[in-house]
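Visitor: Here it is, the structure in full.
The values are calculated or read from the model by the stated rules, or taken from the named source; none is laboratory data. Being a predicted model, the structure only gives us computed values, none of them experimental. Heads up, the Cβs are rebuilt from the backbone with ideal geometry, glycines too, and the neighbour counts pull from every protein chain shown.
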Amino acid sequence: MANVKLKNVVKNYGSLEVVHGINLDVDHNEFVVFVGPSGCGKSTTLRMIAGLEKISGGEISIGDRVVNELPPRARNISMVFQNYALYPHMTVRENLGFTLRIAKKPQSEIDQAVAEASAILSLDPYLDRRPGELSGGQRQRVAMGRAIVRHPDIFLFDEPLSNLDAKLRAQMRVEIKKLHQKVQTTIIYVTHDQVEAMTLADRIVIMRDGYIEQQGTPLEVFEKPVNTFVATFIGSPPMNLLHGRADNSGKNITLDDGVNVAMPSRLAGKYADKDIIFGFRADNIMPVGHTLPQGDESVEIDMTVTLTEPLGAETLLFGEIGGTQVQAKMLNPRIVKPGEKLTFQIDLEKCHVFDAQSEMVLD
Amino acid sequence: MDNIAGKKSGLGWVVQISVIALVLLWLFPTVGLLVSSFRTADQISESGWWRALFPTQQNMTLRAADPDDEGAQALVGDLYVIEGNLFEEDTEATISVWGTSSRAIDAYKAGETAEMNDGEIITVQENGDYRWTSPEELSGRGQRVFVTATTPAEFTLSNYQRVLFSDDSTDSMANAFFNTLTVTIPATIIPIVIAAFAAYALAWMDFPGRAILIAMVVGLLVVPLQLALIPLLRLHLGIGIGKGYLGVWLAHTGFGLPLAIYLLRNYMVGLPKDIIENARVDGATDFQIFTKIILPLSFPALASFAIFQFLWTWNDLLVAKVFLIDATGETTVMTNQIVELLGTRGGNWEILATAAFVSIAVPLLVFFMMQKYLVRGLLAGSVK
């Protein structure tokens, strides 16, 4: 039952600064996901919120308390670790009750809290087993149960699903989402998997090299990426990015291999004579006849298919424009052989234009 | 495809043979000691312990009953007769050959009759029954008979009786046994308790100078304890501890601590960091983490160090001699007692073997009871 505030939070290891002044407000009951490539500082930030890493500068507050100097146990948080971190010498029941036992809570209260958590996560059949006798998914549930039992102000998840196989991961994703609806608590969740981030988050915080690149709802960061990094990191397959140059009028773009496309009308005339990066997602480039949404503006482009990935309902087509690989989608797929030359349509309304120098979006 | 994982190594049989050799190397003297401790001095001198299960052939010098004893001889017809059995009661032995002179101990077979001076005749049966007759009244001592007899395998508890329960202060190990226990148990527990705390701090707590402390502990590992004997004893005498149990406990603790801290710290450092951080987030203090998480998880390391320390202190002679044993000899330990037995009882192998086995029995017991903790991995399933 608390919000979290990060004010200019800095972390350095010796002379190496890994988190550079992060500002973030997490509202009560919000599900915030930190996402980014390895080494971007997302786990470090989470561990600073947990109190497992000292803060080198700035201020972190939970609720109305500044917690900079508080040890983890005084912050009323729960954390779920990537490796589950179950106590191997205790049964599931003892694992769940550990935090209350050391808080010297009466046994009846402990039993009740354990029963409640075990009911939420359907752990009843395993209560008397040791962690060693559980499967990966069960261990993960115990780790979550242990976090629930404490009724913390904030849940912290540190890549909790990365040790599970794909199928279990999808299942557990749903369980975490359900858990959030049931327990109604602020959750901060770290992952490097953008699918997890998109599906779970109320708000996604995309980090790179110790900076927050963008934050917003999953749809916002998907539809309006602020720079090329976010554009390629969020969404699968990643956004196609082609280098080009806006002409004198600012109404046309010449791509590197000489192909001309029109500047999207919302940007027409705004940026003349400028090196740009032209970006569009695979969903917005489809072969003629296989494209569903037919917007007002579109541009046609020829491309030779080099590789296909049939997915059933759709097929991913790989090709090259100006030496850069481009992925396109084909709905109602037919069999396409590599080497076949197709005409594609690009939905210009959904295209993005970035500054070639700063890689920031132009709008 | 010759060296894929899982294929049996070509060295397999070398390993097997080495294991067998090591087991035999260890088993041979231990079993020998055990068997010898249940044999009599005669049996030990006649045959090796590996023949203890088989009957042994012995030469014995026995005597018929003394004629002067009342009721020993009877007048049957015109012959004076003495009958009886050469062996003591309950002895099962089979005589093969015998004689009446030490120069010809195999002159007669069992059941044959020997004629001696003055018309005396003696017949000795296989089971030791004899009949000694004379036309005149017999006098003096009983007739000596030299027999070669096969006695069945026999074991005796008398050595243990003597070593453990006799009041004889030169032979008795009982007192020394309890003295050794008095030295060993505190000398095992004290360093483990101290080392466990120290190891946790050195492994998981952040404080300035931690690296230097660890380096010092490693440095102390290579200091030979002989170096410290004299200064330490002078210190003990100077501060009034003197020679005694307290002194020897402190000495063993001091000498054991570097290795204990080093071993336990290395083990604790290897425990998964996540578990400890999780406990921290769950609200545990450092002390609670230590008692509720670290100690239970470190049990295999604690147990293996306990076994080592117990064996060292149990078998220790040097430290006990320097710090414990005084002129009164009241506080002698088993190792020292055995040294003294070697002096007073150098020839009595049965006593020495028994004393030695008494002193190794407890370490053996401890090892066999605790060895599963040396191999058990307690960490299965905590982290993936």
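Visitor: Of all residues in the range A:242-271, count the ones that are touching a Ser or Thr at 6+ places or on another chain (Cβ under 6 Å) and among the hydrophobic types (A, V, I, L, M, F, W, C).
Guide: So the answer is 1.
Visitor: With the requirement that a residue be over 18 Å from A:Gly244 (Cα atoms) and in contact (Cβ under 8 Å) with a residue 24 or more places away in the chain, what does the range A:311-326 give you?
Guide: A:Leu316, A:Leu317
Visitor: Among the candidates A:Gly97, A:Gly136, which residue alone is more than 23 Å from B:Phe290 (Cβ to Cβ) and touching an Asp or Glu at 6+ places or on another chain (Cβ under 9 Å)?
Guide: A:Gly136
Visitor: Also, quick follow-up: Looking at the structure I just gave you, is A:Ser43 polar (S, T, N, Q), within 14 Å of chain B (Cβ to nearest Cβ) and crowded, with 22+ Cβ neighbours inside 10 Å?
Guide: no
Visitor: Which of the residues that make up the range A:136-167 are more than 10 Å from chain B (Cβ to nearest Cβ) and closer than 18 Å to A:Val92 by Cβ?
Guide: Selection gives A:Gly137, A:Gln138, A:Arg141, A:Val142, A:Met144, A:Gly145, A:Ile148, A:Pro160.
Visitor: Scan the range A:66-117 for residues that are touching a strand residue (DSSP E or B) at 6+ places or on another chain (Cβ under 7 Å) and among the β-branched types (Val, Ile, Thr) and report the count.
Guide: The total comes to 4.
Visitor: Within the range A:74-109, which residues are aliphatic (A, V, I, L, M) and either more than 8 Å from every other protein chain (Cβ to nearest Cβ) or touching a residue at least 40 places away in the same chain (Cβ under 8 Å) (or both)?
Guide: A:Ala74, A:Ile77, A:Met79, A:Val80, A:Ala85, A:Leu86, A:Met90, A:Val92, A:Leu96, A:Leu100
Visitor: I'd like the residue in the range A:193-209 that is in contact (Cβ under 8 Å) with a residue 60 or more places away in the chain and surrounded by fewer than 18 Cβ atoms within 10 Å (Cβ to Cβ) and, out of all such residues, is nearest to A:Leu16 (Cα to Cα).
Guide: A:Asp209
Visitor: Sticking with this structure for a sec: Name the single residue, out of those in the range B:349-373 being under 19 Å from B:Leu27 (Cβ atoms) and loosely packed, with under 15 Cβ neighbours inside 10 Å, that is modelled with the lowest pLDDT.
Guide: B:Gln371
Visitor: Sticking with this structure for a sec: Across the range B:322-348, what is the total count of residues that are surrounded by 17 or more Cβ atoms within 10 Å (Cβ to Cβ) and either among the charged types (D, E, K, R) or under 30 Å from B:Phe155 (Cβ atoms) (or both)?
Guide: 9
Visitor: Let me ask another. Any chance the range B:48-70 includes a residue that's more than 35 Å from the chain's Cα centre (by Cα), without any contact (Cβ under 8 Å) to a residue 60 or more places away in the chain, part of a loop (DSSP other than H, G, I, E, B) and not assigned by TED's automatic domain parsing to the domain that holds B:Phe357?
Guide: There is at least one residue in the range B:48-70 that is more than 35 Å from the chain's Cα centre (by Cα), without any contact (Cβ under 8 Å) to a residue 60 or more places away in the chain, part of a loop (DSSP other than H, G, I, E, B) and not assigned by TED's automatic domain parsing to the domain that holds B:Phe357.
Visitor: Of everything in the range B:76-99 that's on the phi < 0 side of the Ramachandran plot and in a loop (DSSP other than H, G, I, E, B), which residue is surrounded by the fewest Cβ atoms within 10 Å (Cβ to Cβ)?
Guide: Per the criteria, the residue is B:Glu89.
Visitor: While we're on this one: Could you please give the count of residues in the range A:133-150 that are without any contact (Cβ under 8 Å) to a residue 12 or more places away in the chain and either assigned to a loop (DSSP other than H, G, I, E, B) or not assigned by TED's automatic domain parsing to the domain that holds A:Thr45 (or both)?
Guide: Of the residues in the range A:133-150, 1 are without any contact (Cβ under 8 Å) to a residue 12 or more places away in the chain and either assigned to a loop (DSSP other than H, G, I, E, B) or not assigned by TED's automatic domain parsing to the domain that holds A:Thr45 (or both).
Visitor: Give the residue, chosen from A:Asn23, A:Asn95, A:Asn68, that is in the same structural domain as A:Tyr189 (by TED's automatic domain parsing) and crowded, with 21+ Cβ neighbours inside 10 Å.
Guide: Matching residue, one of A:Asn23, A:Asn95, A:Asn68: A:Asn95.
Visitor: When you scan the range B:200-278 for helices (runs of 4 or more DSSP H) that lie fully inside it, which ones turn up with 3 or more residues that are over 34 Å from the mean Cα position of the chain (by Cα), surrounded by 13 or more Cβ atoms within 10 Å (Cβ to Cβ) and assigned by TED's automatic domain parsing to the domain that holds B:Ile294?
Guide: In the range B:200-278, the matching helices (runs of 4 or more DSSP H) lie at B:210-221.
Visitor: Among the numbered conditions (1) closer than 18 Å to A:Val142 by Cα; (2) assigned to a strand (DSSP E or B); (3) away from every other protein chain (no Cβ under 14 Å), tell me where A:Glu213 comes up short.
Guide: (1)
Visitor: Considering the range B:274-293 alone, what residues qualify as being among the hydrophobic types (A, V, I, L, M, F, W, C), within 7 Å of chain A (Cβ to nearest Cβ) and out of contact with any strand residue (DSSP E or B) (no Cβ under 9 Å at 6 or more places or on another chain)?
Guide: Listed by number, the residues that qualify are B:Ile275, B:Ala284, B:Ile293.
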